[in-house]
Amino acid sequence: MFELLGIPPQALFGQLLLGLINGSFYAILSLGLAVIFGLLNIINFTHGAQYMMGAFIAWMLLNWVGIGYWPALVLAPVIAGVTGVIIERVFLKRLYHLDHLYGLLLTFGLALIIQGLFRNYFGSSGLPYQIPAELRGGQNLGFMFLPNYRGWVVVASLVVCLATWFIIEKTKLGAYLRAATENPTLTQAFGINVPLLITLTYGFGVGLAAFAGVLAAPIYSVNPNMGADLIIVVFAVVVIGGMGSIMGAIVTGFGLGLVEGLTKVFYPEASATVIFIIMAIVLLVKPAGLFGRTA
Amino acid sequence: MAEAVLDKAPAATAAKAMLSVRDLHAWYGESHVLHGISLDVAEGEVITLLGRNGAGKTTTLKSIMGIIGKRRGQVTYQGQETVSLSSRAIARLGIGYVPEERGIFSSLSVEENLMLPPRVREGGLSVDQIYELFPNIKERLTSQGTKLSGGEQQMLAIARILRTGANFLLLDEPTEGLAPVIIEQIGRTIARLKREGFTIILVEQNFRFAQSVADRHYLVEQGRVVDMIPNAELDQNIDKLHAHLGV
């Protein structure tokens with residue numbers, strides 16, 4: 001087999017696959033953040049905790065109720081989405097006329113409370129979640145070994161991201177959403193129920209985070225801190241892509257996962273910081289983000 | 001003074017008024033902008049609000065539409081009190097709003113802009129009728145909404161309201177910043193809507209344009225209606241008009 005700059009292809013493709021997996025989570029999570037920020041003007045710091053909730057809900061469904069991975073993939077986002085709807089109705093709707101900072105503080109506080117509750121109840125050592133039987137094993141592609149579950153994660157997140165993009169950019173509901181994002185007062189004055197749209201959007205964004213959490217459960221252990229570790233990187237991804245851009249969030253999420261993977265191959269020392277270095281450069285050169293629209 | 005103005009409107013008009021506004025007050029934050037607007041609009045009538053910049057004409061439309069945070073007084077539409085309703089509920093009664101800045105969405109295509117407002121009543125124009133009325137729109141359906149010229153954006157802002165079945169229109173300075181030939185086209189459109197039975201409140205700075213389309217004119221100054229002039233008497237009152245409009 002060929003070698004690239006002295007790197008064996010197995011190592012290169014292995015890291016690229018890991019990068020693509022991470023990128024899948026970055027993409028779904030930053031997509032949810034972008035959708036929520038676009039319409040609610042709230043930087044949802046609870047997003048990481050809601051991702052973690054998705055994984056825990058899947059774990060609880062399996063271990064307490066006996067509901068397996070496939071139904072959980074739908075049920076966990078719906079359950080988490082309902083908690084999101086409650087959070088929006090009870091807390092967030094009081095903040096829309098205030099500065100971003102208040103929403104950020106509230107959602108950050110909620111994240112700490114939710115993570116604290118789960119840590120208190122489940123401990124912080126992590127719980128195992130089995131890969132579903134259908135997706136065990138893997139494929140030998142010749143140049144690398146592809147575990148089936150990891151391939152599934154990439155495909156599933158791509159499908160969910162593109163479906164979200166399609167709904168927002170190509171459907172009537174999406175047109176309502178874009179209109180309400182741009183000018184909520186006028187959209188409401190056309191007879192469109194903007195408050196309901198806002199509530200559902202937050203619920204949907206939370207559902208996306210929980211979906212990512214269920215996907216992550218069999219890969220990473222189900223752990224109360226799993227979201228807190230990830231969300232910092234995801235915020236950097238959102239800043240790089242540009243707040244409020246749907247396709248920007250998707251492309252940047254997958255792209256930065258790959259960049260991170262490549263960095264692990266060629267200069268592992270920088271792999272934990274490369275995204276933040278890119279963020280700093282983007283902020284200097286294009287403060288609105290790669291895909292951001294300046295108002 | 002407001003009472004004197006109302007005396008001019010025959011009681012019969014007030015009785016069958018489609019929209020009746022009494023002692024309407026409105027605030028932007030702490031700033032008290034409308035100080036008791038009163039006016040009546042009969043079904044099928046086109047009336048204008050004339051006045052200087054900042055007189056409260058736009059605020060009056062926004063208050064009728066329910067998009068001013070704090071308002072007080074009476075706004076009765078077809079017998080129903082609307083001052084406590086949300087703008088969403090007011091739109092659902094059949095009142096269509098074309099804002100001053102036109103409100104074309106840049107994140108929506110021309111077609112999406114046109115189809116955005118939901119139907120609120122039966123009897124709205126069909127898409128084909130709209131294309132016939134505004135042929136320019138049909139040619140630009142896939143363009144970004146704000147890529148249209150100012151005149152085309154104004155047509156689109158009116159067109160999307162006509163689709164919904166709303167038969168009471170609030171038009172805020174539809175001729176502002178447009179070329180004379182476009183203003184003529186908008187004038188013809190308003191005249192046609194009037195013939196078809198639409199009821200319209202028009203905010204205008206251009207009183208020649210207002211004269212060409214309206215039945216009556218309300219002069220607004222410092223958040224109050226200071227006079228009402230039937231269109232036929234506009235020329236006799238030209239001095240009064242100059243004094244109020246400062247033209």
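Read-outs: derived from the displayed coordinates by stated rules, not from any lab. As the structure is a prediction and not an experimental result, all values here were calculated from the model. Every residue, glycine among them, receives a Cβ derived from its backbone with ideal geometry; neighbour counts consider all protein chains shown.
Comparing A:LEU186, A:LEU73, A:LEU262 in a Gaussian network model of chain A, where Cα atoms under 10 Å apart are tied by springs, the biggest mean-square fluctuation is seen for A:LEU186.
For B:SER212 and B:LYS240, the FRET efficiency from 1/(1 + (r/R0)^6), where r spans their Cβ atoms and R0 equals 25 Å, is about 0.85.
At full extension, A:LYS93 and A:ILE281 could sit 64.2 nm farther apart than now, given 0.36 nm per residue minus the alpha carbon distance.
By its C-alpha gyration tensor, with a ≥ b ≥ c as the square roots of the eigenvalues, how is segment A:101-217 shaped: rounded for a/c under 1.5, else prolate for a/b larger than b/c, else oblate? It comes out oblate by the Cα gyration axes. Mean sequence separation of contacting Cα pairs (under 8 Å, at least six apart), scaled by the length of chain A, corresponds to a relative contact order of 38 percent. Pairing the Cα long axis of helix A:148-170 with the longest principal axis of chain A, what angle in degrees results, from 0 to 90 and rounded to the nearest 10? With both axes taken from Cα atoms, the answer is about 30 degrees.
For chain A, the longest principal axis of the Cα atoms and the long axis of helix A:47-60 meet at an angle of about 70 degrees. Comparing mean-square fluctuations of A:ILE42, A:ILE240, A:ILE87 from a GNM of chain A with C-alpha springs under 10 Å, the top value falls on A:ILE87. Take every DSSP beta bridge whose two residues both sit in the protein assembly as shown; close to 60 percent of them are antiparallel. Given springs between every Cα pair under 10 Å in a Gaussian network model of chain A, which of A:PRO224, A:PRO71, A:PRO184 has the largest fluctuation? Top of the fluctuation ranking is A:PRO71.
In straight-distance terms, cross-link reach from A:LYS93 covers every one of the lysines whose alpha-carbon lies under 20 Å from its own, apart from those fewer than eight places away in the same chain; here that gives B:LYS70. Arranged from fewest to most other beta-carbon atoms within 10 Å of their beta carbon, A:ILE231, A:ILE43 become A:ILE43, A:ILE231.
For segment A:211-233, the residues whose backbone nitrogen is under 17 Å from a point 7 Å from the Cα of A:SER124, taken along Cα to Cβ, are A:221-232. Taking max minus min of the alpha-carbon positions on each principal axis, chain B gives extents of 51, 38, 36 Å, largest first. Farthest towards the positive end of the charge dipole of the protein assembly as shown, among the residues A:LEU284, A:ALA249, A:ALA189, is the Cα of A:ALA249, using unit charges on the Cβ of Lys, Arg, Asp and Glu. Considering helices alone, the calculated mean residue ellipticity of the protein assembly as shown at 222 nm is -17000 deg cm²/dmol, with DSSP H runs of length four and up weighted by -39500 (n - 2.57) and normalised per residue. So, in nm, how far is label B:ARG119 from label A:MET247 when the simple model puts each one 7 Å beyond its Cα toward the Cβ? Those two pseudo-labels are separated by 3.3 nm.
Rounded to the nearest 10 degrees, the angle from helix A:226-241 to the longest Cα principal axis of chain A is 80 degrees. From the Kirkwood radius over Cα pairs of the protein assembly as shown, Stokes-Einstein at 4 °C and 1.567 mPa s returns a whole-number translational diffusion coefficient of 49 µm²/s. For chain B, the relative contact order is 27 percent, taking Cα pairs closer than 8 Å that sit 6 or more residues apart in sequence and dividing their mean separation by the residue count.
With only Cα atoms counted, segment A:9-285 has Rg and Dmax values of 18.6, 60 Å.
Working from label points 7 Å from Cα in the Cα-to-Cβ sense, the B:GLU30 to B:THR146 distance is 3.3 nm.
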